[in-house]
Structures are given as structure tokens and as C-alpha cells.
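Read the structure below first, then the notes.
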Amino acid sequence: MRVLVTGGAGFIGSQIVQALGSAGHEAVVFDALLPSAHPAGAHRPPARGLTVGDVRDREAVAGALAGIDAVCHQAAMVGLGKDFADAPEYVGRNDLGTAVLLAEMASAGVRDLVLAGSMVVYGEGRYDCARHGTVRPGPRAADDLRAGRFEPRCPSCGAELSPGLVTEDAPTDPRSVYAATKLAQEHLASAWARATGGRAISLRYHNVYGPGMPRDTPYAGVASFFRSALARGQSPRVFEDGAQRRDFVHVRDVAAANTVALTALAEREPGAFAAYNTGSGEPHTIGEMASALASAHQGPAPVVTGEYRLGDVRHVTADSRRLRDELGWKPEVGFAEGMAEFATARLRAGAAGSDAHPGRGRE
């Protein structure tokens, strides 16, 4: 296939381009190459097969789609950002950009799409109460966070909860602007598929990490924050008590999932849309990740600060069995191996935004 990879010069996009080439496909890169994401002197992709453009530019997108068989849509503004003033930029780049892309795909007759989704659409993960079964706690209160009470409680009886794995069938509950835009992207892709007879898969990435993550930016993820601190000879600063559970998945495994998903679209019925969790299947705490990086880097030990951010969720970890069972994908890079590599891997120069996608570690 000849595949257009939007955001293909970014952290995840560039790995997808490599994976597509290894699988015998031709990747065409479409990327804005914003100075904030690709500062002067930073790594740039080869000029061959690269179109520089913004996904909100209909003419540029239409030109890039000429001769394309499928699209792998990675371009997005990611993470929690600085404050709510970022909201118009998030909505413009993520949702308007996706709408323009889908409209031009419809005009060009391109009917296969893999979307970079995100686990942030779930809000909190799955919780079980011994008395009330599976429950959905609301957002944590600032008073509780200030007092160091980080664990959500049962909304019915106030009892302690046991975190579990969230499946694709769980209700969505986006709790940030970024999360809302990622869910809107899925709705747009689903509507496009039904209206045009297209076929779409959203891969809901969990915390993606690995070589080439952007450093020193409020839009990157927690793995990048910790790694950047170690590069400066500083201790990683771990918020809350470090016991937040996440699923850290290596960027090469995510790239492989995209290749598998593109191939699987050929077997789908017209109008089909499906979402798949894309995680390692190995939940770890934020504190464990910080300690593993510090040890492998031979740097200073992490410092648990007790700080918090309103809007952060406590635990969210993936059940990725559907992706494994239906598409035959499985992660190849284990936690210890991946963190040892990432501890000394090259990072991208600092950015104030991104056309790729790590989200809070890339959630």
C-alpha cells in the first residue's frame, strides 16, 4: 500500500514510517514541521516522500492524498498543555484538522484509516468495590489531593477500591481538553466511515515511550519529563505518592500495531469502525518507572513530591486482549528492556507542542 502518515516526522509517526517500509509498504509523510516540534538543529526526516503542510489546509491535504491507498493519522497536539487557554489550539489542530482530512479523503476516494486514539478517553480506569462491584468514581476533589488522599473511593459507600484493567467497552469519560478532542476524533472517524463506506480503526494508545521522545516540554509525557531530568543530572520528580498505575508501551510496538491495523482494514466491511486498546499488558506504577529509568541511567534517585495536577487520573491500565485476539498483534519490548534502552536513548530537542503524540507519557 501507499500510506499517508500525518505527523509522520514526529515521535510515533517516524517509527510508523519505518515499520511500514519494513513491511513492504510505501510511506508518504505529511507533517507541518512546526519549529516548536522540530526546532532548528533537531532531527529532520529525509526530504524524499515528505509533504510539509497543516492538516487544517484543505488544499495541502488534497495534494498529499493523490495516489494514496490508506491514511495513518498521527498528527495532533498532545498532553495536558499549560492551561485552558490552549483549548482553541487543541480543538483546531485535533478536531478541525481531522475533519478536514476526512473530508478530503472522502473526495479522493481514500477509504482506509488508522487513527491515533488515546486511553485518555476513559478518564479513570476500572475500579471494583467489594460491596458494589464495578463502580465509576468521579473526579478527585482538590481537598483530598491537598491532604494526600489520592485513591478514589467508592461513590456509593466510600470504601477503598481495587483498580483493574479497562476494556474498550468501558464508558468514555474524557476529563481534559485533550481527552475531549481525542474522543471527538473517534466520533468523526466513525461518522466518516458510515457516510462514505470507509473503514476505520482507532488504536487507543496507552503511555507510549521510547527513543525520540521530545524533551523539556509541557506537552510531552511523564516518561519524557523523568528522562529529561536525568539528562540534566537531576532527580525525577514524582507527583502524588508515585503509586499511580499506568501501562507503558514501547513506541516500536505501537508502530507495529499501526502496520497490523492497516492490513486488517482490508478484511473489514464498508462503514466499519472499531477501537482497540494498545498497551503492553504490564501495568506499572509511575514510581516504578521513575526508579527503573534512574537506575538504568545511573542517575539520582527519584523524589516523591506529593504534588498533583487537577485533571490527572489515578489509575488507568489497558486490557489489550482484543487487539491481540482479533488482529494478532503482541508487544515485543518488555518493561525492563524498554526502560534500560530509553534511559540512554537520544531525545528530541525541546518543543512547545507536537505534531506527533505522547500525551502524559503518551497517553
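Some observations on this one:
- In the stretch 1-24, the residues that are open to solvent by 30 Å² or more (accessible area, probe 1.4 Å) form Cβ pairs under 7 Å with partners that are part of a strand (DSSP E or B), at six or more places apart or across chains, as follows: M1/A70; R2/E26; R2/V28; V17/V5; V17/A27; V17/V29; G21/A27.
- Candidates A200, A243: the one that is assigned to a loop (DSSP other than H, G, I, E, B) and in contact with an Asp or Glu (Cβ under 9 Å, 6 or more places away or on another chain) is A243.
- One residue stands out among those in the stretch 64-111 that are assigned to a loop (DSSP other than H, G, I, E, B) and open to solvent by 20 Å² or more (accessible area, probe 1.4 Å): the one that is modelled with the lowest pLDDT, which is L80.
- Here W329 fulfils each of the conditions (1) open to solvent by 20 Å² or more (accessible area, probe 1.4 Å); (2) part of a loop (DSSP other than H, G, I, E, B); (3) modelled with pLDDT of 95 or more; (4) not polar (S, T, N, Q) apart from (1).
- Residue satisfying condition, being outside any loop (DSSP other than H, G, I, E, B), farther than 19 Å from G328 by Cβ and either in contact (Cβ under 8 Å) with a residue 40 or more places away in the chain or open to solvent by 10 Å² or more (accessible area, probe 1.4 Å) (or both), within set A266, A296: A296
- Residues in the stretch 135-150 that are modelled with pLDDT of 95 or more and under 29 Å from V254 (Cβ atoms): F150 only.
- Of all residues in the stretch 1-45 being closer than 22 Å to G63 by Cβ and hydroxyl-bearing (S, T, Y), the one that is modelled with the lowest pLDDT: S14
Here's the yes/no breakdown for (1) over 30 Å from V135 (Cβ atoms); (2) outside any helix (DSSP H, G or I):
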site	(1), (2)
Q185	no, no
A195	yes, no
G212	yes, yes
S224	yes, no
A256	yes, no
V260	yes, no
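- Taking the stretch 145-200 as the range and being surrounded by fewer than 21 Cβ atoms within 10 Å (Cβ to Cβ), aliphatic (A, V, I, L, M) and in contact with a strand residue (DSSP E or B) (Cβ under 8 Å, 6 or more places away or on another chain) as the test, the residues that pass are A159, L165, A170.
- Yes/no for V208 being of a type in the set (A, V, I, L, M, F, W, C), open to solvent by less than 10 Å² (accessible area, probe 1.4 Å), farther than 30 Å from D169 by Cα and touching a Gly at 6+ places or on another chain (Cβ under 8 Å): no
- Residue in the stretch 270-286 that is assigned to a helix (DSSP H, G or I), within 28 Å of E151 (Cβ to Cβ) and either in contact (Cβ under 8 Å) with a residue 40 or more places away in the chain or open to solvent by less than 10 Å² (accessible area, probe 1.4 Å) (or both) present: yes
- For S320: the one exception among (1) open to solvent by less than 40 Å² (accessible area, probe 1.4 Å); (2) touching a helix residue (DSSP H, G or I) at 6+ places or on another chain (Cβ under 8 Å); (3) farther than 21 Å from G242 by Cβ: (2)
The values are calculated or read from the model by the stated rules, or taken from the named source; none is laboratory data. These figures come from a predicted structure and were not determined experimentally. Note: ideal-geometry Cβ built from the backbone for every residue, glycine included; neighbour counts use all protein chains shown. Heavy atoms of the whole protein, side chains included, go into the accessibility calculation; ligands, DNA and RNA do not. Shrake-Rupley method; radii C 1.70, N 1.55, O 1.52, S 1.80 Å.
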